[in-house]
Ligand SMILES: *Cc1c(COP(=O)(O)O)cnc(C)c1O
């Protein structure tokens, strides 16, 4: 399977914009659901923050996933896209009262609670509304992941989760609070993780905690292991669909489950990353003193990841490919925003490029459109879908 760009259709659309290959998304969802279903008790929630485009959300909901939300706005977006409330989980270190009330009013499946303070507020608000809130505790497992420091979340120094040493005391508190029902444990160690050993170490940590709890007669019904499975940004066309089988097999082999326990996964990037590309146009080839700059009409306001995490996105010059241009040049590829960090790549080899060429920044389906801003009074990028062009 390859990500396909219908240049004839794309070349007349004003740039920059996001283009989503829905065949890629559908294939990804199909394989994801098939591999998860191979293990009894595994279910997958989509992490809405990766891409909340309504048409993408609808497609994912149709495939039968639940939704993992980190704000009231995401809960509303998920409900609007047709996700059932009993398939929605709500995470985040700082939930506002209105967000908690929105979640309670809609009877979502579960709150992933990150502190004792938050637990007490949820209990109070639930009591006032005559509701019972189901909660999982997000535990900080002190498992580092081999990924960028800005996207690790499971270490002691990160702001996320409850310390392992406090686990029993918060569970006991939850059991005493009248409007709280404790149902499980939640973990999430980071993002763009490609080494299965990181997930294995999380499993071993969970096994250890489960033994500790079981000794006190506590057996949680749900174990939510979070998301974080990475994608191939270096060579997306070679790995369009992530290795879901290897990922789920790792958990199936390493997690020791108790009878009837359900395992929940919250994948974002691995679901939508490869189906989206940011399409932009070359404005100028600027010949500098030591460098040749390829200046695009897309910038960090459209795709923030390179500026935020030094992330690299593979680029394709779609026009050069069409014309079978053979010569290559080295470019610094930059955007038009008034920030020195508005750089997509330095010293990359691309086919010899000209003004008006269409450039695709691949693997932009996750944390791309969702992070777009109007800084510099720019317009938000539009989005187009492969199925819009198939008639
Ligand atoms: C961001 C996030 C995810 C999804 O992460 P991916 O790396 O996109 O899979 C899952 N769970 C929680 C709690 C998150 O914050």
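The values are calculated or read from the model by the stated rules, or taken from the named source; none is laboratory data. Keep in mind that what you see is a predicted model, and the values were worked out from it rather than measured. Methodologically, a virtual Cβ is constructed for each residue, glycine included, from the backbone with ideal geometry; neighbour enumeration extends over all protein chains shown.
Search the stretch 126-166 for residues being assigned to a helix (DSSP H, G or I) and crowded, with 18+ Cβ neighbours inside 10 Å, and hand back the single one that is modelled with the highest pLDDT. Filtering the stretch 126-166 for residues that are assigned to a helix (DSSP H, G or I) and crowded, with 18+ Cβ neighbours inside 10 Å, the one modelled with the highest pLDDT comes out as 126.
Cβ-Cβ contacts under 9 Å between residues 6 or more apart (or on different chains), taken from a first residue in the stretch 273-286 that is under 16 Å from residue 48 (Cα atoms) to a second residue that is in a strand (DSSP E or B) and more than 16 Å from the ligand (Cβ to nearest atom), are listed as 275/20; 276/18; 276/19; 276/20; 276/383. Looking at the stretch 208-234, which of its residues are within 28 Å of the chain's Cα centre (by Cα), under 22 Å from residue 91 (Cβ atoms) and part of a loop (DSSP other than H, G, I, E, B)? Within the stretch 208-234, 220, 221, 225, 226, 227, 228, 230, 231 meet the criteria. The condition of being at pLDDT below 95 and under 22 Å from residue 66 (Cα atoms) holds for only one of 227, 260, 273, 184, that being 260. For the stretch 203-225, the set of residues classified as within 14 Å of the ligand (Cβ to nearest atom) and touching a helix residue (DSSP H, G or I) at 6+ places or on another chain (Cβ under 8 Å) consists of 223, 225, listed by residue number.
Residue-by-condition table, conditions (1) modelled with pLDDT under 95; (2) assigned to a loop (DSSP other than H, G, I, E, B); (3) closer than 28 Å to residue 291 by Cβ; (4) touching a helix residue (DSSP H, G or I) at 6+ places or on another chain (Cβ under 7 Å):
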{"site": "338", "(1), (2), (3), (4)": "yes, yes, yes, yes"}
{"site": "350", "(1), (2), (3), (4)": "no, no, yes, no"}
{"site": "364", "(1), (2), (3), (4)": "no, yes, yes, no"}
{"site": "373", "(1), (2), (3), (4)": "no, yes, yes, no"}
{"site": "384", "(1), (2), (3), (4)": "no, no, no, no"}
{"site": "387", "(1), (2), (3), (4)": "yes, no, no, yes"}
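Here is the figure for the stretch 15-32: residues that are touching a residue at least 60 places away in the same chain (Cβ under 8 Å) and out of contact with any strand residue (DSSP E or B) (no Cβ under 7 Å at 6 or more places or on another chain) total 8.
Of everything in the stretch 78-98 that's within 15 Å of the ligand (Cβ to nearest atom) and over 16 Å from residue 227 (Cβ atoms), which residue is nearest to the chain's Cα centre (by Cα)? Once the filter is applied, the top-ranked residue is 93. Taking the numbered list (1) free of Cβ contacts under 8 Å to residues at least 60 places away in the same chain; (2) crowded, with 19+ Cβ neighbours inside 10 Å in turn, residue 82 passes all entries but (2).
Does residue 237 satisfy being modelled with pLDDT of 95 or more and assigned to a helix (DSSP H, G or I)?
no
Residues that are closer than 28 Å to residue 86 by Cα number at least 3 in the following strands (runs of 3 or more DSSP E) confined to the stretch 249-330: 262-267. For first residues located in the stretch 314-332 and touching a residue at least 40 places away in the same chain (Cβ under 8 Å) and in the same structural domain as residue 346 (by TED's automatic domain parsing), partners that are assigned to a loop (DSSP other than H, G, I, E, B) and surrounded by fewer than 18 Cβ atoms within 10 Å (Cβ to Cβ) and lie 6+ apart or on another chain with Cβ distances below 6 Å form the pairs 332/291.
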